[in-house]
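Below: one structure, written as structure tokens.
The values are calculated or read from the model by the stated rules, or taken from the named source; none is laboratory data. The structure displayed is predicted, hence computed values, not measured ones. Glycine gets a Cβ as well: all are built from the backbone with ideal geometry, and neighbour counts include every protein chain shown.
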Amino acid sequence: MSTSSRRLGIMAQRDVHRDSYIEEWPEAGLIMINSPADPVPSIDLDEHQQIIALDGRLVAEFDMMDHFIKDNGIDTSIAEEAMTIDSEAYAHMLVDINVTRQEIAGFIKGITPAKLVDIIRHLNVVEMMMALQKMRVRKTPANQAHVTNCKEHPALLAADAAEAAVRGFAEEETTVAVSRSAPFNALSILVGSQAGCGGVLTQCAVEEDMSLQLAMKGLTSYAETLSVYGTDDTFIDGDDTPWSKAFLASAYASRGVKVRFTSGTGSEALMGHAEGKSMLYLEARCLMAIRGSGSQGVQNGSISCIALPGSLPGGVKGVLAENLMAAMLDLEVASGNDAMASHSDIRKTAKLMLQMLPGTDFVTSGYSAMTRKDNLFGGGNFDVEDIDDWTVIQRDMQVDGGITPVEEGALIAARERGARAIQAVYDGLGFPPITDEEVEAAVYGHDSDDMPDRPKSEDLAAAEAFLQGPDTIIEVIQVLANRGFTEVAERLLEMQKLRIAGDHLQPSAIVTDTFEVMSAVNDPNDYTGPGTGYRLTGDRWEALKNIPGAQNPKSIIHPDELENKPCDFSVKGIALAGTDGKDVVIAVGPAFGTKITETLSGITHGEVLKRICQGIEAEGYTPRVVKIYRTSDCGAIGWHGAQLSGSGIAIGLQSKGTILITRKGLNPLNNLELFGMSPNLTETSYGMIGQNAARYAKGTPVVPVPSTIDNMARLKYIVKTTLMHRKETSCVRLDAPSREWDIHFDHEADV
């Protein structure tokens, strides 16, 4: 006999067990917070307000991150005051609705990395979510999408970008499988996004030199590929320094390109240079360096390293802590909900809620707007097949996750505009042509498997020539304007004007479909408790709650008029108590056969009665059908029927098909057999119920009718059940006597 648990063996096959889990190992940096090597918060200034010691290290011991943070990351004019405030007091301020975010952010400018982590140490997950809701820089949350495909097909890129824009994504990001594809990939999502909705910011994640070239061509409007790390050795591995990153950020900004850095817990441990420090402490250093570089924002939340903190105790809590620390430092936060966090759908969703419920500037730093297999960023935590789930969650909780429900017709129209627009650009600029067949596949297909192959070598050669040649986005705009895509051309021109004005370089900026910039300057987060801050109401709530597939409840059940009588019947008269010991009463609800004519699962009332009657008659007993008007409750219907039954046995039958067998003398909540799962009942089931009722009357042994358990049935039928019972209840007449029916069936059926 086996000595192992079969249950535990089955549980071990669950998706959650496909993830990795490890114990903490501080020396290797495999600890989320409170490593023994983490420094104690401290700061020392000289008489000139210059930092001479930081978090327990003298200037002579500083590494380059310390030097950069000393010179650029701390406001020394308030440092001494800010550092004297107790960390727990800061934690209280973060969740206190009477303390504004501006007041907290003002003090945070003067604290050290270790102090920042020490504050976080006092907060649990719920408190962090409360704090993030207040500390988010921009009042209105938004979302960002990834748009890529395995074939790097321009028509599919443009169609997916257009769909993502219509779905409400404020930013879209692409990348490449082959670096030379970058110009055309960037061009495709730029044209496609503006075909969907004006104002969408786009980028192409490639090596920085090429990224700047794309920006100069006018093909991108933001960048977030500037990675920073918390230790010197990780920077050295990447041939970088904080100063080189700051210089690069200024190069982007000077060309009208919005800049957001990328950091995240686990990268230093992954690269073997954690110096025994905790992940959160190293991330605090990164964030202070990012602020010191002049960047307006950060993509953080572990990003591609998510499985590493996710393997540790408190790892997912730590990811939320990263986001909160960034917001405390006045940085725009694109929270890392893009890289695959778990095999478990439950675990992935639980992680998402930490950012979705309080809201971040971008709830995901790249929602996969196409299928996971087409995501060249390495897969998406959530992809296009999850969008309906996402929009339902928004509707369930009245929370804005940045994705708008859209009807199929609008999506197809947007996809076609995007694909046709890029087809026109390719033709007008002499690129390898995009055929009508490719456009149609992009409009109606699901992923790159549905797309015809492209002449890849020709595309790459044309892309390289375009990058090196004189043409820019201006020539693209001219082509679109000359070929009938006036609106798309105008939107692209507006995007270039925006680059010149530079308004989208404001902190935490997004652009609306009317090309108005919404940022921390003109849309500051003013949350101070209930009734303040961002509230999902008005037109936005109307848009998010009206998901495709939401039915008008009045259309779900049959109209009042009786269309098909379930059987021929006439009213004999007021039902009297039976005197025949062989009669079994079938008591039906007040809407049965008149206002409602079939069960929840669609079996006509005539068929139900016929099967029950045949079952009773098969045992030599006589069925009597009595309509009960004074109640719609199944137990009470059966109880009234039992009082009228000569045998004392009755069947209680609601119009929606719920049925029971009862006996005179039992109270309404007690019965012989109850069949609450009416959707699982078949014609045969009703016949067997009739037989069993007669057998109870005969006093012979009865084997209960088998019941099918379906735990998912309620999800499908609960609304229809509610509406049918409402209609049945509306037919209740407390003063109406029960009436007996005389019924006739046109044909026989097997029990």
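For the condition hydroxyl-bearing (Ser, Thr, Tyr), crowded, with 24+ Cβ neighbours inside 10 Å, farther than 17 Å from SER267 by Cα and within 18 Å of the chain's Cα centre (by Cα), THR360 qualifies. Looking only at segment 445-485, residues that are among the aromatic types (Phe, Trp, Tyr) and either outside any helix (DSSP H, G or I) or modelled with pLDDT under 95 (or both) come to 1 in all.
Within segment 541-582, the residues that satisfy the criterion of being more than 27 Å from LYS720 (Cβ to Cβ) and at pLDDT 85 or above are VAL571, LYS572, GLY573, ILE574, ALA575, LEU576, ALA577, GLY578, THR579, ASP580, GLY581, LYS582. Checking GLY445, GLY430, GLY409 one by one, the residue that is farther than 17 Å from GLY484 by Cβ, assigned by TED's automatic domain parsing to the domain that holds THR148, under 24 Å from the mean Cα position of the chain (by Cα) and exposed (fewer than 14 other Cβ atoms within 10 Å of the Cβ) is GLY409 and no other. Residue check, ALA289 against (1) under 29 Å from ALA369 (Cβ atoms); (2) buried (at least 24 other Cβ atoms within 10 Å of the Cβ), all met but one. Which one? Condition not satisfied by ALA289: (1). For ASP396, the conditions (1) in contact with a Phe, Trp or Tyr (Cβ under 9 Å, 6 or more places away or on another chain); (2) without any contact (Cβ under 8 Å) to a residue 40 or more places away in the chain are fulfilled apart from (1). Scanning segment 637-691 for residues that are under 12 Å from SER707 (Cα atoms) and charged (D, E, K, R) turns up just one, GLU673.
Which is hydroxyl-bearing (Ser, Thr, Tyr) and more than 18 Å from VAL147 (Cβ to Cβ), of THR435, THR404?
Details: THR404 fails: more than 18 Å from VAL147 (Cβ to Cβ).
From the options THR435, THR404, the qualifying one is THR435.
Scanning for something among the aromatic types (Phe, Trp, Tyr) and in a loop (DSSP other than H, G, I, E, B), does segment 353-371 turn up at least one residue? No - not one qualifying residue is present in segment 353-371. Of the set (1) over 32 Å from the mean Cα position of the chain (by Cα); (2) under 22 Å from LYS70 (Cα atoms); (3) part of a helix (DSSP H, G or I), all apply to GLU275 but (3). All of (1) crowded, with 20+ Cβ neighbours inside 10 Å; (2) part of a loop (DSSP other than H, G, I, E, B) hold for LEU498 with one exception: (2).
Criterion first (assigned to a helix (DSSP H, G or I), over 16 Å from ASP63 (Cα atoms) and not hydroxyl-bearing (Ser, Thr, Tyr)) does ALA284 satisfy it? Let's see the steps before the verdict.
Working: assigned to a helix (DSSP H, G or I): yes; over 16 Å from ASP63 (Cα atoms): no; not hydroxyl-bearing (Ser, Thr, Tyr): yes.
No; evaluated as a whole, the condition is false for this residue.
Contact annotation: residue pairs with Cβ atoms under 6 Å, 6 or more positions apart or on different chains, pairing a residue in segment 330-352 that is under 30 Å from ASP75 (Cα atoms) with a partner that is part of a helix (DSSP H, G or I) and modelled with pLDDT of 95 or more, are ASP330/ALA105; VAL333/ASN323; VAL333/ALA326; VAL333/ALA327; SER335/ASN323; SER335/GLN355. Just for segment 656-696: of the residues that are among the basic types (Lys, Arg) and under 26 Å from CYS731 (Cα atoms), which one is surrounded by the fewest Cβ atoms within 10 Å (Cβ to Cβ)? For segment 656-696, the residue satisfying everything is LYS664. Every condition in (1) over 21 Å from ALA341 (Cβ atoms); (2) at pLDDT 95 or above; (3) hydroxyl-bearing (Ser, Thr, Tyr) is met by TYR21 except one, and the failing one is (1).
If a residue has to be outside any strand (DSSP E or B) and either within 20 Å of ALA165 (Cα to Cα) or out of contact with any Cys (no Cβ under 7 Å at 6 or more places or on another chain) (or both) to count, how many in segment 211-226 make the cut? Residues that pass the stated criteria total 9.
Could we say that ASP338 is crowded, with 20+ Cβ neighbours inside 10 Å, touching a strand residue (DSSP E or B) at 6+ places or on another chain (Cβ under 9 Å) and assigned to a loop (DSSP other than H, G, I, E, B) here?
Against the criterion (crowded, with 20+ Cβ neighbours inside 10 Å, touching a strand residue (DSSP E or B) at 6+ places or on another chain (Cβ under 9 Å) and assigned to a loop (DSSP other than H, G, I, E, B)), ASP338 qualifies.
Every test in (1) free of Cβ contacts under 8 Å to residues at least 40 places away in the same chain; (2) in contact with a Gly (Cβ under 7 Å, 6 or more places away or on another chain); (3) closer than 24 Å to ALA489 by Cβ; (4) not β-branched (Val, Ile, Thr) is passed by PRO433 save one, and that test is (2). The residues of segment 57-87 that are out of contact with any Gly (no Cβ under 8 Å at 6 or more places or on another chain) and either surrounded by 14 or more Cβ atoms within 10 Å (Cβ to Cβ) or not in a helix (DSSP H, G or I) (or both), listed by number, are ARG57, LEU58, VAL59, PHE62, ASP63, MET64, ASP66, HIS67, LYS70, ILE85, ASP86, SER87.
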